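Below is one structure, written out as structure tokens, with a few remarks after it.
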Amino acid sequence: MSPRLAIAVMVSFAIQGGSAIGADGMPGAPGKSAAEREEWCKANPEKCREMQAKRKERQDACKADPEKCRAETQAKRDERFSSADANKDGKLTREEADKGMPGIARRFDQIDTNRDGTISKEEMAAAGKARAEQRKDGQKPQ
């Protein structure tokens, strides 16, 4: 498998799994560049294969019951949003996003469409749908 494909597999698993995989530097971890993920995969071929197997298992489960898969993924997103929302007002400030959801923080200005300085769950959902459409149309998401 090419390193590029391995990275795509890892990132896809992280996205489909609803979490970004964390502290040990596994692919999909917040703030990791494609080059860093590629290096991780080269340095950890066994873990890379494990991730591929987990991704395949997740894909099969999602094909068998897509509604359950969507509900689980949404629940994980909601949980991450709630833990990042330090003041529990239902919105993320730039500082809350920086601390709890760095991937969202990097795109904060794009996601905050009403320009109120916070991101709501609705704005996040709309941004996610827009990114999915871009990927479906063969465009590189911004």
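Computed from label points 7 Å out along Cα-Cβ, the spacing between LYS121 and SER33 is 3.6 nm.
Annotation for ASP78 and ASP137: the two label points, set 7 Å from Cα along the Cα-Cβ direction, are 3.0 nm apart. By other beta-carbon atoms within 10 Å, ranking LYS63, LYS76, LYS47 with the fewest at the front produces LYS63, LYS76, LYS47.
Say R0 is 22 Å: what FRET efficiency, to the nearest 0.05, do GLU95 and ALA130 get from their beta-carbon distance?
Values: r = 24 Å, r/R0 = 1.10.
Step by step, r from the Cβ atoms, then E = 0.35.
Taking R0 as 30 Å, what FRET efficiency do you get between LYS68 and ASP109 from their Cβ-Cβ distance, rounded to the nearest 0.05? Let's see the in-between values first.
Details: r = 34 Å, r/R0 = 1.14.
In this case the efficiency is close to 0.30.
Look at GLU123, GLU95 and count the other Cβ atoms within 10 Å of each Cβ; fewest to most, that gives GLU95, GLU123.
Tell me which lysines have Cα within less than 25 Å of LYS121's Cα, excluding those fewer than 8 residues away on the same chain? Result set, ordered by chain and number: LYS32, LYS68, LYS76, LYS88, LYS91, LYS99, LYS129, LYS136, LYS140.
Readers should treat all values here as calculations from the given coordinates under stated rules, not as data from a laboratory. Small disclaimer: the values here were computed from a predicted structure and weren't measured. Heads up, the Cβs are rebuilt from the backbone with ideal geometry, glycines too, and the neighbour counts pull from every protein chain shown.
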